Amino acid sequence: MLSITSQYLARYRRLTGDRSDTVLPVTGAQRRFLLVRSLDPSGRPDLVPMFFAFPYGTVDPERLRAAASRLAARHTALRSRPAVTRGTPVLRVADPDVDLARPALLPGESAADALRRALDSWDGQGPPLRLFLVRDEEHEEEILAVALDHAVCDGRSLARIVDELGAAYSEEAIGSPVAPGETDAELAAYRDAVLSQLAAEEKAETPEAAAYWAGRLRALRAHAPARGPARVPEGARPSGAAQARLPAHDGGVSFPALLDACRSAARELYGPGRTVPLGYPWGGRPPGAGPVVGCFLNTLVFPADTGQAEGPGSGTDQEALADAWWDDLDRADVPFDAVVTAARAAGSAWTGGLDGLLTVDDDSRRPPLVLAGVEGREVHVDGRPVRGPFAVSVTQGAEIRLRMVWDRAVLDDESAHRAFDALTHALRPSERTVQ
(Lines give C-alpha, C1' and ligand atoms only; values in the text may rest on other atoms or scores of the structure.)
Protein backbone atom coordinates (compact mmCIF):
# COMPACT_ATOMS: atom_id res chain seq x y z
CA MET A 1 0.00 0.00 0.00
CA LEU A 2 1.34 3.43 -0.93
CA SER A 3 2.29 5.77 1.90
CA ILE A 4 0.48 9.07 2.38
CA THR A 5 3.48 10.95 0.98
CA SER A 6 3.68 8.62 -2.04
CA GLN A 7 -0.01 9.12 -2.74
CA TYR A 8 0.39 12.89 -2.43
CA LEU A 9 3.35 12.99 -4.80
CA ALA A 10 1.49 10.86 -7.34
CA ARG A 11 -1.48 13.26 -7.28
CA TYR A 12 0.80 16.28 -7.55
CA ARG A 13 2.65 14.81 -10.53
CA ARG A 14 -0.59 14.03 -12.30
CA LEU A 15 -1.62 17.62 -11.72
CA THR A 16 1.60 19.34 -12.84
CA GLY A 17 3.97 16.82 -14.38
CA ASP A 18 6.33 17.54 -11.44
CA ARG A 19 7.85 20.58 -13.18
CA SER A 20 5.87 23.72 -12.68
CA ASP A 21 6.98 27.26 -11.95
CA THR A 22 3.54 28.30 -10.77
CA VAL A 23 2.16 25.30 -8.83
CA LEU A 24 4.50 23.81 -6.23
CA PRO A 25 4.15 20.81 -3.91
CA VAL A 26 3.84 21.24 -0.15
CA THR A 27 5.71 19.56 2.67
CA GLY A 28 4.06 17.37 5.28
CA ALA A 29 4.23 20.30 7.71
CA GLN A 30 2.32 22.49 5.24
CA ARG A 31 -0.26 19.75 4.68
CA ARG A 32 -0.99 19.79 8.40
CA PHE A 33 -1.62 23.55 8.46
CA LEU A 34 -3.86 23.33 5.39
CA LEU A 35 -5.82 20.46 6.98
CA VAL A 36 -6.31 22.40 10.22
CA ARG A 37 -7.48 25.41 8.22
CA SER A 38 -9.97 23.29 6.27
CA LEU A 39 -11.46 21.97 9.53
CA ASP A 40 -11.87 25.44 11.04
CA PRO A 41 -15.47 26.62 10.54
CA SER A 42 -14.21 30.11 9.69
CA GLY A 43 -11.34 28.89 7.49
CA ARG A 44 -8.95 30.76 9.77
CA PRO A 45 -5.27 30.04 9.05
CA ASP A 46 -2.59 29.77 11.71
CA LEU A 47 -0.73 33.08 11.85
CA VAL A 48 2.78 33.94 13.03
CA PRO A 49 2.85 37.64 13.97
CA MET A 50 5.92 39.44 15.29
CA PHE A 51 5.45 42.82 16.97
CA PHE A 52 8.08 45.57 17.19
CA ALA A 53 7.80 48.96 18.91
CA PHE A 54 9.59 51.94 17.34
CA PRO A 55 9.73 55.58 18.44
CA TYR A 56 7.42 57.96 16.58
CA GLY A 57 8.71 58.92 13.18
CA THR A 58 11.11 56.00 12.77
CA VAL A 59 9.15 54.00 10.22
CA ASP A 60 8.73 55.30 6.69
CA PRO A 61 5.58 53.36 5.64
CA GLU A 62 6.20 53.48 1.90
CA ARG A 63 9.83 52.49 2.24
CA LEU A 64 8.85 49.61 4.53
CA ARG A 65 6.17 48.39 2.13
CA ALA A 66 8.64 48.48 -0.74
CA ALA A 67 11.23 46.61 1.36
CA ALA A 68 8.69 43.90 2.21
CA SER A 69 7.73 43.59 -1.47
CA ARG A 70 11.39 43.07 -2.37
CA LEU A 71 11.66 40.46 0.37
CA ALA A 72 8.61 38.63 -0.99
CA ALA A 73 9.97 38.82 -4.54
CA ARG A 74 13.18 37.14 -3.39
CA HIS A 75 11.49 34.26 -1.53
CA THR A 76 9.09 31.95 -3.32
CA ALA A 77 7.17 30.98 -0.18
CA LEU A 78 6.45 34.61 0.71
CA ARG A 79 4.68 35.29 -2.59
CA SER A 80 2.81 31.98 -2.84
CA ARG A 81 -0.78 31.26 -1.85
CA PRO A 82 -1.70 27.95 -0.19
CA ALA A 83 -4.50 26.28 -2.17
CA VAL A 84 -6.20 22.96 -2.78
CA THR A 85 -6.52 22.03 -6.46
CA ARG A 86 -8.52 18.92 -7.40
CA GLY A 87 -8.19 17.74 -3.83
CA THR A 88 -4.40 18.25 -3.83
CA PRO A 89 -2.76 20.78 -1.47
CA VAL A 90 -0.31 23.02 -3.35
CA LEU A 91 1.33 26.42 -3.30
CA ARG A 92 0.40 28.72 -6.15
CA VAL A 93 3.23 31.11 -6.96
CA ALA A 94 2.05 34.68 -7.51
CA ASP A 95 3.53 38.13 -7.90
CA PRO A 96 4.71 39.73 -4.66
CA ASP A 97 1.81 41.61 -3.09
CA VAL A 98 2.59 43.06 0.33
CA ASP A 99 0.33 45.69 1.78
CA LEU A 100 0.99 47.87 4.81
CA ALA A 101 -2.25 48.60 6.63
CA ARG A 102 -2.54 51.39 9.19
CA PRO A 103 -5.59 50.53 11.31
CA ALA A 104 -7.10 53.56 13.01
CA LEU A 105 -8.01 53.21 16.67
CA LEU A 106 -11.71 53.02 17.42
CA PRO A 107 -13.01 54.96 20.43
CA GLY A 108 -11.62 53.40 23.60
CA GLU A 109 -9.19 51.13 21.74
CA SER A 110 -5.51 50.68 22.53
CA ALA A 111 -2.87 49.97 19.88
CA ALA A 112 -2.95 46.30 20.92
CA ASP A 113 -6.74 46.23 20.48
CA ALA A 114 -6.41 47.59 16.95
CA LEU A 115 -3.76 45.02 16.04
CA ARG A 116 -5.87 42.18 17.42
CA ARG A 117 -8.82 43.42 15.38
CA ALA A 118 -6.71 43.65 12.23
CA LEU A 119 -5.33 40.13 12.62
CA ASP A 120 -8.77 38.72 13.39
CA SER A 121 -9.97 40.01 10.01
CA TRP A 122 -7.22 38.19 8.08
CA ASP A 123 -8.48 36.99 4.71
CA GLY A 124 -7.10 33.50 4.09
CA GLN A 125 -7.16 34.05 0.32
CA GLY A 126 -4.80 37.03 0.45
CA PRO A 127 -1.00 37.33 0.45
CA PRO A 128 0.89 35.31 3.09
CA LEU A 129 3.03 38.25 4.31
CA ARG A 130 1.34 41.41 5.61
CA LEU A 131 2.34 44.46 7.63
CA PHE A 132 0.29 46.47 10.12
CA LEU A 133 1.44 49.75 11.68
CA VAL A 134 -0.47 51.27 14.60
CA ARG A 135 0.23 54.44 16.55
CA ASP A 136 0.47 53.92 20.32
CA GLU A 137 -0.36 57.31 21.79
CA GLU A 138 0.08 56.14 25.38
CA HIS A 139 3.75 55.20 24.95
CA GLU A 140 4.61 57.61 22.10
CA GLU A 141 5.51 54.69 19.88
CA GLU A 142 4.42 52.95 16.75
CA ILE A 143 3.85 49.19 16.86
CA LEU A 144 4.69 47.30 13.69
CA ALA A 145 3.25 43.81 13.16
CA VAL A 146 5.04 41.59 10.64
CA ALA A 147 2.50 38.81 10.15
CA LEU A 148 2.81 35.59 8.15
CA ASP A 149 0.63 32.65 7.27
CA HIS A 150 2.23 29.70 9.14
CA ALA A 151 1.83 27.55 6.00
CA VAL A 152 4.67 29.48 4.33
CA CYS A 153 7.12 29.82 7.22
CA ASP A 154 8.42 27.97 10.24
CA GLY A 155 10.35 29.18 13.26
CA ARG A 156 13.69 28.83 11.51
CA SER A 157 12.55 31.21 8.77
CA LEU A 158 11.67 34.06 11.10
CA ALA A 159 15.22 35.20 11.87
CA ARG A 160 16.06 35.38 8.17
CA ILE A 161 12.84 37.28 7.39
CA VAL A 162 13.55 39.85 10.12
CA ASP A 163 17.19 40.25 9.12
CA GLU A 164 16.48 40.60 5.39
CA LEU A 165 13.53 42.95 5.90
CA GLY A 166 15.82 45.34 7.78
CA ALA A 167 18.50 45.00 5.11
CA ALA A 168 16.01 45.64 2.29
CA TYR A 169 14.74 48.73 4.12
CA SER A 170 18.29 50.13 4.08
CA GLU A 171 18.94 49.50 0.38
CA GLU A 172 19.44 52.64 -1.64
CA ALA A 173 17.65 51.28 -4.73
CA ILE A 174 14.58 50.39 -2.71
CA GLY A 175 12.17 50.86 -5.62
CA SER A 176 14.08 48.82 -8.20
CA PRO A 177 12.79 45.34 -9.08
CA VAL A 178 14.58 42.19 -7.95
CA ALA A 179 16.65 40.71 -10.77
CA PRO A 180 14.79 37.90 -12.57
CA GLY A 181 17.83 35.63 -12.22
CA GLU A 182 17.76 35.99 -8.45
CA THR A 183 14.04 35.14 -8.33
CA ASP A 184 14.42 32.14 -10.65
CA ALA A 185 17.37 30.75 -8.70
CA GLU A 186 15.46 30.95 -5.43
CA LEU A 187 12.41 29.33 -7.01
CA ALA A 188 14.55 26.40 -8.18
CA ALA A 189 16.19 26.11 -4.74
CA TYR A 190 12.81 26.19 -3.00
CA ARG A 191 11.30 23.54 -5.28
CA ASP A 192 14.34 21.29 -4.81
CA ALA A 193 14.20 21.71 -1.02
CA VAL A 194 10.51 20.76 -0.89
CA LEU A 195 10.98 17.75 -3.15
CA SER A 196 13.96 16.64 -1.05
CA GLN A 197 11.87 17.00 2.10
CA LEU A 198 9.06 14.94 0.56
CA ALA A 199 11.58 12.28 -0.48
CA ALA A 200 12.79 12.09 3.14
CA GLU A 201 9.21 11.82 4.39
CA GLU A 202 8.39 9.14 1.82
CA LYS A 203 11.45 7.14 2.90
CA ALA A 204 10.52 7.54 6.59
CA GLU A 205 6.99 6.16 6.13
CA THR A 206 7.87 2.50 6.66
CA PRO A 207 5.63 -0.20 8.17
CA GLU A 208 8.05 -0.31 11.11
CA ALA A 209 7.69 3.43 11.75
CA ALA A 210 3.91 3.17 11.49
CA ALA A 211 3.91 0.34 14.04
CA TYR A 212 6.14 2.36 16.36
CA TRP A 213 3.87 5.43 16.33
CA ALA A 214 0.76 3.26 16.61
CA GLY A 215 2.08 1.70 19.80
CA ARG A 216 3.39 4.99 21.14
CA LEU A 217 0.12 6.89 20.64
CA ARG A 218 -2.50 4.17 21.05
CA ALA A 219 -3.68 5.57 24.40
CA LEU A 220 -4.17 9.12 23.09
CA ARG A 221 -7.38 11.05 22.90
CA ALA A 222 -7.94 14.78 23.10
CA HIS A 223 -9.12 15.60 26.61
CA ALA A 224 -11.52 18.16 27.93
CA PRO A 225 -10.41 19.80 31.19
CA ALA A 226 -11.27 17.84 34.32
CA ARG A 227 -13.86 20.46 35.33
CA GLY A 228 -15.52 20.73 31.95
CA PRO A 229 -15.40 23.59 29.44
CA ALA A 230 -14.89 27.13 30.65
CA ARG A 231 -17.00 30.18 29.93
CA VAL A 232 -15.23 33.25 28.58
CA PRO A 233 -15.86 36.11 31.05
CA GLU A 234 -17.97 38.87 29.59
CA GLY A 235 -15.77 41.45 27.95
CA ALA A 236 -12.64 39.28 28.22
CA ARG A 237 -10.31 38.54 25.32
CA PRO A 238 -10.37 35.06 23.78
CA SER A 239 -7.12 33.98 25.43
CA GLY A 240 -5.21 34.53 28.64
CA ALA A 241 -1.45 34.71 29.11
CA ALA A 242 1.19 34.31 31.82
CA GLN A 243 4.92 34.76 31.73
CA ALA A 244 7.98 34.15 33.90
CA ARG A 245 11.72 34.71 33.78
CA LEU A 246 13.97 32.04 35.25
CA PRO A 247 17.73 32.05 35.78
CA ALA A 248 19.64 30.02 33.21
CA HIS A 249 22.18 27.61 34.64
CA ASP A 250 24.52 25.21 32.86
CA GLY A 251 23.40 26.14 29.37
CA GLY A 252 19.65 26.19 29.90
CA VAL A 253 17.02 23.48 30.23
CA SER A 254 17.04 20.28 28.18
CA PHE A 255 14.16 19.58 25.85
CA PRO A 256 13.06 16.45 27.79
CA ALA A 257 12.95 18.58 30.96
CA LEU A 258 10.67 21.06 29.17
CA LEU A 259 8.41 18.22 28.03
CA ASP A 260 8.30 16.97 31.61
CA ALA A 261 7.34 20.45 32.83
CA CYS A 262 4.53 20.57 30.24
CA ARG A 263 3.43 17.19 31.54
CA SER A 264 3.14 18.76 35.01
CA ALA A 265 0.94 21.51 33.57
CA ALA A 266 -1.21 18.96 31.74
CA ARG A 267 -1.65 16.98 34.95
CA GLU A 268 -2.93 20.11 36.69
CA LEU A 269 -5.39 20.78 33.86
CA TYR A 270 -6.62 17.29 33.03
CA GLY A 271 -5.98 15.30 36.18
CA PRO A 272 -3.90 12.18 36.80
CA GLY A 273 -4.20 8.95 34.86
CA ARG A 274 -4.46 10.59 31.43
CA THR A 275 -2.33 10.44 28.30
CA VAL A 276 -2.45 13.90 26.75
CA PRO A 277 -1.27 14.76 23.20
CA LEU A 278 1.32 17.54 23.25
CA GLY A 279 2.80 18.78 19.98
CA TYR A 280 6.16 20.37 19.29
CA PRO A 281 7.93 21.43 16.07
CA TRP A 282 11.10 19.56 15.18
CA GLY A 283 13.39 19.12 12.20
CA GLY A 284 15.15 21.30 9.67
CA ARG A 285 15.91 21.57 5.99
CA PRO A 286 16.77 18.28 4.25
CA PRO A 287 20.51 17.56 3.80
CA GLY A 288 21.97 19.44 0.87
CA ALA A 289 19.03 21.84 0.56
CA GLY A 290 19.57 25.57 0.50
CA PRO A 291 18.51 27.67 3.53
CA VAL A 292 15.24 28.65 1.88
CA VAL A 293 12.39 30.39 3.65
CA GLY A 294 9.45 28.01 4.04
CA CYS A 295 7.63 25.57 6.31
CA PHE A 296 9.66 22.41 6.92
CA LEU A 297 9.49 21.68 10.67
CA ASN A 298 7.33 18.64 11.36
CA THR A 299 4.95 18.61 14.33
CA LEU A 300 5.87 15.68 16.56
CA VAL A 301 3.46 14.31 19.15
CA PHE A 302 4.50 13.58 22.71
CA PRO A 303 2.06 11.37 24.69
CA ALA A 304 2.20 13.06 28.10
CA ASP A 305 1.34 10.55 30.81
CA THR A 306 -0.01 12.67 33.68
CA GLY A 307 0.89 10.02 36.25
CA GLN A 308 -0.86 8.78 39.33
CA ALA A 309 -2.81 10.66 41.95
CA GLU A 310 -0.11 10.54 44.63
CA GLY A 311 2.24 13.07 43.04
CA PRO A 312 4.55 14.02 40.17
CA GLY A 313 6.73 11.56 38.35
CA SER A 314 9.97 10.21 39.81
CA GLY A 315 13.47 10.68 38.47
CA THR A 316 13.18 7.24 36.90
CA ASP A 317 10.02 8.38 35.10
CA GLN A 318 11.90 11.39 33.76
CA GLU A 319 14.74 9.19 32.52
CA ALA A 320 12.21 6.97 30.74
CA LEU A 321 10.63 10.07 29.21
CA ALA A 322 14.00 11.19 27.83
CA ASP A 323 14.78 7.72 26.44
CA ALA A 324 11.38 7.55 24.72
CA TRP A 325 11.84 11.05 23.29
CA TRP A 326 15.15 10.06 21.71
CA ASP A 327 13.39 7.07 20.15
CA ASP A 328 10.73 9.45 18.81
CA LEU A 329 13.40 11.57 17.12
CA ASP A 330 14.59 8.51 15.19
CA ARG A 331 11.16 8.62 13.45
CA ALA A 332 10.84 12.41 13.29
CA ASP A 333 10.54 12.52 9.49
CA VAL A 334 7.22 10.65 9.46
CA PRO A 335 4.70 13.41 8.61
CA PHE A 336 1.99 14.31 11.07
CA ASP A 337 -0.93 13.04 8.98
CA ALA A 338 0.77 9.65 8.57
CA VAL A 339 1.29 9.44 12.34
CA VAL A 340 -2.39 10.16 12.99
CA THR A 341 -3.41 7.56 10.41
CA ALA A 342 -1.14 4.93 12.03
CA ALA A 343 -2.55 5.63 15.50
CA ARG A 344 -6.15 5.40 14.33
CA ALA A 345 -5.47 2.21 12.37
CA ALA A 346 -4.29 0.69 15.65
CA GLY A 347 -7.59 1.49 17.35
CA SER A 348 -6.88 4.89 18.90
CA ALA A 349 -9.82 7.28 19.17
CA TRP A 350 -7.46 10.23 18.71
CA THR A 351 -8.29 12.37 15.67
CA GLY A 352 -5.14 14.51 15.61
CA GLY A 353 -6.13 17.33 17.96
CA LEU A 354 -3.45 18.64 20.32
CA ASP A 355 -4.15 19.60 23.92
CA GLY A 356 -0.92 21.55 24.24
CA LEU A 357 1.89 22.92 22.10
CA LEU A 358 5.53 23.58 23.06
CA THR A 359 7.89 25.78 21.05
CA VAL A 360 11.49 26.57 22.00
CA ASP A 361 13.69 29.37 20.67
CA ASP A 362 17.30 30.43 21.17
CA ASP A 363 17.34 34.20 21.57
CA SER A 364 20.73 34.37 19.83
CA ARG A 365 18.98 33.21 16.65
CA ARG A 366 16.31 35.93 16.77
CA PRO A 367 17.96 39.18 15.65
CA PRO A 368 16.06 42.41 16.33
CA LEU A 369 14.36 44.23 13.47
CA VAL A 370 16.54 47.22 12.64
CA LEU A 371 15.11 49.96 10.39
CA ALA A 372 17.48 52.74 9.34
CA GLY A 373 19.74 52.04 12.30
CA VAL A 374 16.93 52.01 14.89
CA GLU A 375 16.38 48.72 16.71
CA GLY A 376 12.76 47.78 17.26
CA ARG A 377 11.79 46.48 20.69
CA GLU A 378 9.99 43.16 20.35
CA VAL A 379 6.70 43.20 22.28
CA HIS A 380 3.79 40.81 22.78
CA VAL A 381 0.17 41.42 21.88
CA ASP A 382 -1.79 38.88 23.90
CA GLY A 383 -5.48 38.04 23.85
CA ARG A 384 -5.61 36.69 20.29
CA PRO A 385 -7.36 33.37 19.52
CA VAL A 386 -5.32 30.26 20.41
CA ARG A 387 -5.31 27.06 18.37
CA GLY A 388 -5.79 24.44 21.10
CA PRO A 389 -6.33 24.57 24.87
CA PHE A 390 -2.86 25.87 25.79
CA ALA A 391 0.55 26.65 24.29
CA VAL A 392 3.92 27.14 25.96
CA SER A 393 6.82 29.06 24.42
CA VAL A 394 10.33 29.02 25.86
CA THR A 395 13.15 31.38 24.89
CA GLN A 396 16.58 30.33 26.15
CA GLY A 397 19.57 32.62 26.44
CA ALA A 398 21.09 34.60 29.30
CA GLU A 399 17.84 33.79 31.08
CA ILE A 400 14.90 31.50 30.41
CA ARG A 401 11.72 33.28 29.39
CA LEU A 402 8.52 31.25 29.72
CA ARG A 403 5.15 32.18 28.30
CA MET A 404 1.90 30.27 28.37
CA VAL A 405 -1.31 31.23 26.59
CA TRP A 406 -4.65 29.47 26.84
CA ASP A 407 -8.05 29.40 25.21
CA ARG A 408 -10.54 30.87 27.68
CA ALA A 409 -13.39 28.96 26.02
CA VAL A 410 -11.67 25.74 27.13
CA LEU A 411 -9.70 26.63 30.28
CA ASP A 412 -10.74 29.01 33.03
CA ASP A 413 -8.10 31.47 34.18
CA GLU A 414 -7.77 30.00 37.68
CA SER A 415 -6.99 26.51 36.36
CA ALA A 416 -4.59 27.92 33.77
CA HIS A 417 -2.73 29.91 36.42
CA ARG A 418 -2.34 26.77 38.53
CA ALA A 419 -1.03 24.90 35.50
CA PHE A 420 1.47 27.68 34.83
CA ASP A 421 2.60 27.51 38.46
CA ALA A 422 3.13 23.77 38.04
CA LEU A 423 5.09 24.40 34.84
CA THR A 424 7.43 26.95 36.42
CA HIS A 425 7.81 24.92 39.61
CA ALA A 426 8.83 21.86 37.59
CA LEU A 427 11.65 23.89 36.05
CA ARG A 428 12.60 26.16 38.93
CA PRO A 429 10.54 28.21 41.40
CA SER A 430 10.47 31.83 40.23
CA GLU A 431 8.53 35.03 40.59
CA ARG A 432 6.08 35.37 37.69
CA THR A 433 3.80 37.97 36.21
CA VAL A 434 0.32 37.15 34.91
CA GLN A 435 -1.59 39.16 32.32
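Listing for the model above:
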| read-out | value |
| --- | --- |
| For the range 361-435: relative contact order, % (alpha-carbon pairs under 8 angstrom, 6 or more apart) | 23 percent |
| Residue-level accessible surface for F336, protein heavy atoms, 1.4 Å, Å² | 20 Å² |
| Accessible surface, per residue, of the chain when the full set of protein chains is kept, probe 1.4 Å, Å² | 45 Å² |
| Antiparallel %, DSSP beta bridges [both residues in the chain], to 5 | 85 percent |
| Helix-only mean residue ellipticity at 222 nm for the chain, each DSSP H run of n ≥ 4 adding -39500 (n - 2.57), per residue, nearest 500 | -11500 deg cm²/dmol |
| Between the range 272-292 and the range 2-17, the alpha-carbon center distance in angstrom | 23 Å |
| Dipole moment magnitude, nearest 20 debye, the chain about Cα centre, only Lys, Arg, Asp, Glu C-beta charged | 1380 debye |
| Calculated FRET efficiency for the pair W326/R365, C-beta based, R₀ 25 Å, to 0.05 | 0.60 |
| Exposure of F255 as accessible area (Å², to 10), given a probe of 1.4 Å and all protein chains | 30 Å² |
| Translational diffusion of the range 10-94, µm² s⁻¹ [Kirkwood Rh, Cα pairs; Stokes-Einstein; 10 °C; 1.306 mPa s] | 104 µm²/s |
| Sequence-separation-based contact order of the range 75-227, relative, with Cα cut under 8 Å and 6+ spacing, percent | 19 percent |
| Given charges at beta-carbon only (K, R positive; D, E negative), |dipole| of the range 98-161 in Debye | 360 debye |
| Where D136, D113, D421 fall by accessible area, highest first, once all protein chains stay in place (1.4 Å) | D421, D113, D136 |
| Alpha-carbon Rg/Rh ratio, for the chain, with Rh computed the Kirkwood way | 0.96 |
| Estimated translational D of the range 362-422 in µm²/s (Stokes, Kirkwood radius over Cα pairs; 37 °C; 0.692 mPa s) | 236 µm²/s |
| Solvent-accessible surface (1.4 angstrom probe) belonging to R403, in square angstrom, nearest 10 | 30 Å² |
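The values are calculated or read from the model by the stated rules, or taken from the named source; none is laboratory data. Bear in mind the structure is a predicted one, so any value in this text is a computation, not a measurement. All Cβ positions, even for glycine, are placed from backbone atoms using ideal geometry, and neighbour counts span all protein chains on display. Ligands, DNA and RNA are stripped out before the accessible areas are found, and what is left, the full protein with its side chains, is counted by its heavy atoms. Shrake-Rupley method; radii C 1.70, N 1.55, O 1.52, S 1.80 Å.
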